[in-house]
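Let me begin by presenting the structure, written as structure tokens, before commenting on it.
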Amino acid sequence: KISSLNEKRENLSLKEENTSIKKKKIAVAAVISTLKKEIIAVGRENKTLKEESIGVARENLNLKKEKIAVATENSTLKEETIAVGRENKSLKEENTTVAGENSTILLKLLVDKERQIKDLETQISSLKNEESKLNNEQKCTVCCDEMPETKRKSTSVGNPRKRAKSSLSDNEKADKKATAGGSKKLKKKISRSVGIKKAKKKESTTGKNTKLKNKKSTSTGAEKVKKKSITGYTAPVELSSQLAAIVGGYAMPRHEVVKRMWDYIKENNLQDPEDKQMVICDWKLSLVIPVERFRGFGMSKYLKQHMSGWNATFVNR
């Protein structure tokens, strides 16, 4: 009985060991199945990665091709720019040659025009001389007609022009004598009118001379007054560009600057409505006076920085 019980116990222990081994086998099989599943998943991931790597490689190839195309385009553009530069150089050279030709043409035209002007001047001078000669001859004829015959004879001997006149034909002399009686009256009237005009001209010239003298005297007095007045506070002062933009001038006396500053402040309503002595700066005033508010009667301390001494050459310029 005891041996049979021991055998049964051993059989039970063997059965338990077998069951535990079976359980272990089942667990190992499960682990193996999970590992297989993981291996399959890893294989799939490897496939996807390979596909992705292939896609990336394809993209890299495409990028390389695009880079090569861009490089070729850049090379073509460089060649085009070089060609354009050469064309520009050629155009510049052509322009310089054209400009030189134009300058030569203009110089030629100027020279021709100067010659034409000189010719015209010579023609004008010759015409003026002819006119003066004709006027002198007319005056001589008038004087000769008014003079008696004895004086005419004495003068005609000395002057070659009058000799030529005396060598006229007898018929012409007879015609002149016939017309002399009627023309003497007209000549007397003309001489009277000429004398009156000359007297008027003399009076006008004397009046003009007196006016000019008075003007000169007044101008010299004004100059003296100006020379005396351009000193001290009334002397003009050079102003900065910021202050000149407000005042409207680059050189003026100090009192005029202050006056125009007040005009600018009143025109733009920059006085504080609560306190009229205070001034609020706008963007223009802030360039001259770098403060938000200032007392109007104390602006001269700010304006000194934008004023310099009087410079006669600057003022004259």
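Summary table below
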item: Loop-located trypsin sites (Lys or Arg not before Pro) in region 1-103, at most 13 other Cβ atoms within 10 Å (DSSP); result: 1
item: Additional length obtainable on full extension of the chain from residue 240 to residue 51, 0.36 nm per residue less Cα span; result: 60.4 nm
item: Residue-span extension gain [residue 293 to residue 86] - 0.36 nm each, minus C-alpha spacing; result: 68.3 nm
item: Rough spin-label spacing in nm, given labels placed 7 Å along Cα→Cβ, for residue 63 and residue 259; result: 7.8 nm
item: Radius 14 Å from Cβ of residue 286, net charge of other residues (Lys, Arg +1; Asp, Glu -1); result: 0
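None of the figures in this text is laboratory data; all of them are computed from the coordinates on show. Please read these numbers as outputs of a predicted model, since none were measured by experiment. Because the Cβ atoms are built from the backbone with ideal geometry, glycine has one as well, and the counts that use them run over all protein chains shown.
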